[in-house]
There are 2 protein chains.
Amino acid sequence: MEVINRYVAIKAPIDGVPKESDFELMNQKFSLSIKRGSKEIIIKNLYVSIDPYHVNQMKTTGALGRTIVPGEVINSYGVGKVIASGNPRFAKGDYVVGNISWGEYSISKGFFLRKLDPMGLPLSYHIGVLGLSGLTAYAGFFDICKPKRGETVFVSAASGSVGNLVGQYAKQLGCYVVGCAGSPKKVKLLKEKLGFDEAFNYKEDTDLNSALQRYFPNGIDIYFDNVGAQMLEAAISNMNLYGRVAVCGAISEYTDSEKHAKLDMLSIIYKRIIIQGFITHDYMNLFPEFVSKTVDYILVGKIHVLEDVLIGIESVPSAFVGVFHGNNVGKRIVKIADD
Amino acid sequence: MEVINRYVAIKAPIDGVPKESDFELMNQKFSLSIKRGSKEIIIKNLYVSIDPYHVNQMKTTGALGRTIVPGEVINSYGVGKVIASGNPRFAKGDYVVGNISWGEYSISKGFFLRKLDPMGLPLSYHIGVLGLSGLTAYAGFFDICKPKRGETVFVSAASGSVGNLVGQYAKQLGCYVVGCAGSPKKVKLLKEKLGFDEAFNYKEDTDLNSALQRYFPNGIDIYFDNVGAQMLEAAISNMNLYGRVAVCGAISEYTDSEKHAKLDMLSIIYKRIIIQGFITHDYMNLFPEFVSKTVDYILVGKIHVLEDVLIGIESVPSAFVGVFHGNNVGKRIVKIADD
């Protein structure tokens, strides 16, 4: 059986802030059956993840050379349902999570894809809080930052998909946690719903150094960086001896290749600071431990799940573009189809 | 018995590049005998260490608040001989190494001072190759950079007191080593005498990014940074996945508070780079292992000792100032007195 698969592609490389007009909805003939002898899997996409880092692969020169090609299907983390399978690891009707596409259907060789047991939780959770965003927060915070109870933790983009979970993990461990975000509504959410000790709006508190001095009178032990540039500079200025910086993202630099953090190396030396970049794919070994602990936290209400779900393949471009304007609160997801 | 102790002091805080006229030779009455009941040690200084990081404590606001006060004695690593001691750990006639002063005599409570067995080697070695410079190279390279045989290593200020040893340790381990320095003479020395695979003059090869591309066609695994700023930027650009940067010094930033490395955080994330500042005092636990291995290397000629010795307390200011103009080759030391 053949259908029309609608998928979202870029029209041309994007080197600045992405706009909706940079994208187009493509149509392709798509077979829902497997060729004899093929090990491929045909997936009906249900939920796809919207992540800012994708923009780095949309540039003329993609990050680490991994480039998204104009007109072609864009890979994305997501949840789907198997329609047909030539692969013994997957059967028709299975839920799957992993590498699918910004489209209505995906074809996969099973690479970076696994069978999903929803464990009675909403399917969308397995993209965000129990997906790569969650693992990023978990691995980055626990493995890179090596936090101890009572330490002080600063999180930028704290209402984002990763930041909100870093703050919640840190609170569970007994840290003092301050987040920054870009609107009064987000700040309120961080303090009142997610249990952050303090939060501030970086668009109002524009003297970041003073803001951090105020919120961290005893200095910052850990900075979980999602934004880069001036926020990183201010965090380094306010860091304690043996401070740790997990560099998870640098959204302020993604769309402006001239924007960089100017690092005060003397502080880095004298305060023995470690700055470490990381990519979640290196931490898949932590996945079982991460899921087990996080499900427990969710079930007893110790982690609050923040989702921001848009509907329909045609809303992928606006969902993605909006992330660069701070439109999302929590994990941004596009629901492609009903189960 | 009382003598006149001549010592070097700063006239006022120094916030830019130090000049000889920023210093003065002071005279103080100095007792060579110990007060009854005192645990102090009186030391005749023999050799004192000249290190660029001292300038950070000469500023109006010293690094981490440790400020050198105008007119007062300046502490420095060095070797001396005990003239009188009320401290049971030290006896008259002992050689000592550790915290003494930029002067002819020192008085010590024994803090950061130990009895020295010269092991048949020149006393000056115990300030440089077997002193803090050596430990800085050893701890920074082995503990922070975690090198493996066959990895590629870049060292800046490679003919300096620390850099030359990092390169030599790296060669012993079987790494590919490239150093940069500031004169043709130094470059020649690195390649012909110290066994660096390659070396270049950053004052001639001013396009640092191209220079590093040329010398590291397969990228840099380890960068041992003594200079900061543009050299660090170029090293990050040429770094491999899982690259490590040991931030030992940032001499180009010490005397220019506006000069900073603009770090490309995207590279740091995608290449999973670790940047770590360190202070040698944290690694005193490695001292016995470091000395034992390094003495062996020296005795069999596998480590070449590079010293740059000036004579007399009055030459301390010019010795120190010269370091900021690249005048030294290897460990800069001032010999204060004959044994």
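The values are calculated or read from the model by the stated rules, or taken from the named source; none is laboratory data. Owing to the predicted nature of the structure, the values given are computational and were not obtained by experimental measurement. Virtual Cβ from ideal backbone geometry, glycine too; neighbours counted across all protein chains shown. Keep in mind that these areas ignore ligands, DNA and RNA; they rest on the heavy atoms of the full protein, side chains included. Shrake-Rupley method; radii C 1.70, N 1.55, O 1.52, S 1.80 Å.
Screening A:V82, A:V48, A:V73 for residues that are in contact with a strand residue (DSSP E or B) (Cβ under 7 Å, 6 or more places away or on another chain) and assigned to a loop (DSSP other than H, G, I, E, B) leaves exactly one candidate, A:V73. Restricting attention to the stretch A:219-274, and to residues there that are open to solvent by 20 Å² or more (accessible area, probe 1.4 Å), within 10 Å of chain B (Cβ to nearest Cβ) and hydroxyl-bearing (S, T, Y), which single residue is nearest to A:N201 (Cα to Cα)? Restricting to residues being open to solvent by 20 Å² or more (accessible area, probe 1.4 Å), within 10 Å of chain B (Cβ to nearest Cβ) and hydroxyl-bearing (S, T, Y), the top hit is A:S252.
Any residue that is of a type in the set (G, A, S), assigned to a loop (DSSP other than H, G, I, E, B) and either without any contact (Cβ under 8 Å) to a residue 24 or more places away in the chain or open to solvent by 30 Å² or more (accessible area, probe 1.4 Å) (or both) - is there at least one of those in the stretch B:20-32? Please lay out each step first, then the result.
Keep residues of the stretch B:20-32 that are of a type in the set (G, A, S), which gives B:21, B:31.
Restricting the remaining residues to those that are assigned to a loop (DSSP other than H, G, I, E, B) gives none.
No: the stretch B:20-32 contains no residue that is of a type in the set (G, A, S), assigned to a loop (DSSP other than H, G, I, E, B) and either without any contact (Cβ under 8 Å) to a residue 24 or more places away in the chain or open to solvent by 30 Å² or more (accessible area, probe 1.4 Å) (or both).
Please tell me if A:P317 is open to solvent by 30 Å² or more (accessible area, probe 1.4 Å) and assigned to a helix (DSSP H, G or I).
Answer is no for this residue.
Evaluating B:I311 against the criteria (1) open to solvent by 40 Å² or more (accessible area, probe 1.4 Å); (2) under 30 Å from B:E233 (Cβ atoms) leaves one unmet condition, (2). Of A:A246, A:A250, A:A319, A:A337, all but one fail to be modelled with pLDDT of 95 or more and under 19 Å from B:L266 (Cα atoms); the exception is A:A246. Within the stretch B:200-212, one or more residues are touching a Leu at 6+ places or on another chain (Cβ under 7 Å) and either more than 10 Å from chain A (Cβ to nearest Cβ) or on the phi < 0 side of the Ramachandran plot (or both). Listed here are the strands (runs of 3 or more DSSP E) enclosed by the stretch A:196-269 that have at least 1 residues being polar (S, T, N, Q): A:198-201, A:239-247. Test of understanding: among B:D296, B:D256, B:D264, B:D225, which residue is free of Cβ contacts under 8 Å to residues at least 60 places away in the same chain, of a type in the set (D, E, K, R) and farther than 26 Å from A:A139 by Cα? The unique qualifying residue is B:D296. Do we find that B:K39 is over 20 Å from the mean Cα position of the chain (by Cα), without any contact (Cβ under 8 Å) to a residue 24 or more places away in the chain and over 25 Å from B:L310 (Cα atoms) in this structure? No.
Does the stretch B:292-303 include one or more residues that are touching a strand residue (DSSP E or B) at 6+ places or on another chain (Cβ under 6 Å) and not hydrophobic (A, V, I, L, M, F, W, C)? No - not one qualifying residue is present in the stretch B:292-303. Would you check if A:F278 is among the aromatic types (F, W, Y), out of contact with any Ser or Thr (no Cβ under 6 Å at 6 or more places or on another chain) and either open to solvent by 40 Å² or more (accessible area, probe 1.4 Å) or more than 10 Å from chain B (Cβ to nearest Cβ) (or both)? So A:F278 fails the test. Among the candidates B:G16, B:G37, the residue that is outside any strand (DSSP E or B) and open to solvent by 50 Å² or more (accessible area, probe 1.4 Å) is uniquely B:G37. Pairing each residue of the stretch A:150-162 that is without any contact (Cβ under 8 Å) to a residue 40 or more places away in the chain and over 17 Å from A:I50 (Cα atoms) with any residue that is part of a loop (DSSP other than H, G, I, E, B) and open to solvent by 20 Å² or more (accessible area, probe 1.4 Å), provided the two are 6+ apart or on different chains, yields C-beta distances under 8 Å for A:G150/A:G174.
Among the conditions (1) closer than 23 Å to B:M119 by Cβ; (2) open to solvent by 10 Å² or more (accessible area, probe 1.4 Å), B:V97 misses just one, which is (2).
Going through A:G167, A:G150 one at a time, which residue ends up being surrounded by fewer than 22 Cβ atoms within 10 Å (Cβ to Cβ) and either more than 14 Å from the chain's Cα centre (by Cα) or not in a loop (DSSP other than H, G, I, E, B) (or both)?
On the way: A:G167 fails: surrounded by fewer than 22 Cβ atoms within 10 Å (Cβ to Cβ).
One residue alone meets the criteria, A:G150.
Identify the residue in the stretch A:53-82 that is of a type in the set (A, V, I, L, M, F, W, C) and surrounded by fewer than 18 Cβ atoms within 10 Å (Cβ to Cβ) and, among all such residues, is nearest to the other protein chains (Cβ to nearest Cβ). Among them, the one singled out is A:L64.
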